[in-house]
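Down below is the structure, laid out as C-alpha cells.
Read-outs: derived from the displayed coordinates by stated rules, not from any lab. All of these numbers come straight from a predicted model, not from anything done at the bench. Here the Cβ positions follow ideal geometry from the backbone for every residue, glycine too, while neighbour counts run over all protein chains shown.
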Amino acid sequence: MKSLTSIRTLGRADLERLIDEADELRRSLDAGNRIARALNGLCMANLFFEPSTRTRLSFDLAAQRLGAHVLTFLPETSSATKGESLQDTALTVSSIGADILVVRHGEEGAPQAVAEWTGLPVVNAGDGAGEHPTQALLDALTLRRHFGRLDGLRMAIVGDITHSRVAGSLLYALPTVGVDVTLVGPERWLPADAPVTTSADLDVILDDVDVVYLLRVQKERGGVIDDEYLARFAFDGGRASRLRDDAVVMHPGPINRGIEISHEVAESPRSLITEQVRNGVPTRMAVLRALAVSR
C-alpha cells in the first residue's frame with residue numbers, strides 16, 4: 001500500500017488485514033506491551049487545513065508510538081495565509097524532510113493530488129465531502145470487537161449523507177467486509193446513485209438493525225437543521241427504546257447533543273462512541289505501519 005487516499009483502493013483481504021493488525025495493536029496497547037517502532041527515524045507531517053480533534057491527535061499519538069517524529073502544520077500561522085498554494089505547501093514540507101503526509105483538506109481529491117505532487121505516502125484524513133478512510137477502518141474494528149463478527153450485521157447510517165466524508169468511506173468499506181448498509185435521511189441528502197439501500201424513513205427500519213450510525217448535519221457544507229429534520233431523524237431515548245436489546249449506536253464525532261443524538265443516548269450502554277475514539281490510535285498505527293513497510 002503506497003498511500004491511503006481512498007478506501008475504494010482496498011479489497012476485502014486488504015481491509016481485513018488492516019483490521020486484524022489494528023486489533024492486535026489495540027490488544028498490545030491495552031496490555032501495556034512494548035510495540036516495535038516501525039517508524040523509527042521517519043517523520044510524519046500533519047497537513048490539516050480543516051479543524052480536527054480526534055483524527056489529528058490520534059495520528060500524532062499513533063506516529064509517536066511507532067517512533068516517528070511529528071510535524072504539525074497550522075494553516076492559520078503558515079504561508080497559506082499569504083497565498084501559498086496547496087501544491088507549494090506540500091512540496092515545501094516534503095523538501096524539509098517529511099516521509100509520510102497526513103492530509104485533511106476542504107477539496108475532494110486534495111490528498112491524492114498531494115501524493116502525486118510529492119511522491120510520498122499520503123493518508124487521507126478527510127477531503128471535503130469525499131472520504132475519510134481511517135474512520136471507516138476504526139469503525140469496522142469497533143464493530144468487530146463488539147459483535148465478534150462483521151458478516152451479516154445490519155447498519156443504518158442516518159443523517160446528512162450527501163455532505164459526509166465518513167459516509168463516503170463507510171458505504172464502500174462496510175459492505176465489502178459483509179455489513180448490510182442502509183442510508184437513511186431526508187430525500188435531498190440521499191445520493192441517487194448509492195450502491196446500497198436508501199430510506200427516507202428512520203422509524204420503519206429501527207426494529208431490523210444491529211447498528212444505528214448517526215452523522216452530524218454539516219452546516220459548513222450546506223446542511224440545514226430545521227424542525228422537520230429533528231422530528232424525523234433526531235435519535236432520542238424513545239427511538240433507542242425501539243431497537244433490539246443488543247443493538248448499538250455509533251457516531252464519528254463531533255457530537256451535536258440534542259440535535260442528531262440526545263445526551264441520554266450518547267451516554268447509554270448502547271453507545272460505542274468512546275470505543276470508536278479509543279480505536280482511532282491502533283487503527284492509524286496499523287495504516288502508518290503498512291505505509292512504512294511499503295516505502
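For the chain, a Gaussian network of Cα nodes joined below 10 Å ranks R56, R17, R165 by mean-square fluctuation, and the top entry is R17.
Distant-in-sequence amide contacts of F48, defined by a placed amide H-H separation under 5 Å and a gap of 5 or more residues or a different chain, comprise F73, R104. What angle do you read, to the nearest 10 degrees and between 0 and 90, between the alpha-carbon axis of helix 280-294 and the longest principal axis of the chain? That works out to roughly 40 degrees. 3J(HN,Hα) couplings calculated from phi for the stretch 85-99 with the Karplus curve 6.51 cos²θ - 1.76 cosθ + 1.60 (θ = phi - 60°) are, in sequence order, 6, 4, 4, 5, 4, 4, 5, 5, 5, 4, 5, 5, x, 5, 9 Hz; Gly and Pro show x. Going by neighbour counts of Cβ atoms within 10 Å, the residues M250, M1, M285 line up, fewest first, as M1, M250, M285. For F235, the residues whose amide H sits under 5 Å from its own are I261, S262, ignoring neighbours fewer than 5 places away on the same chain, with H placed 1.01 Å from N.
Which value in deg cm²/dmol, rounded to the nearest 500, describes the helix-derived mean residue ellipticity at 222 nm for the chain, given -39,500 (n - 2.57) per DSSP H run of n ≥ 4 and division by the residue count?
One gets -11500 deg cm²/dmol as the mean residue ellipticity at 222 nm.
Peptides 148-155, 288-295 ranked from most to least packed give 288-295, 148-155, packing being the mean of other C-beta atoms within 10 angstrom over each peptide's residues. With only the Cα atoms considered, the chain has a convex hull volume of 128 Å³ per residue. Put in order of Cβ neighbour count within 10 Å, fewest first, the listed residues Y229, Y213 become Y229, Y213.
Just order 236-246, 171-181, 126-136 by mean Cβ neighbour count inside 10 Å, highest at the front, would you?
Result, highest mean first: 126-136, 171-181, 236-246.
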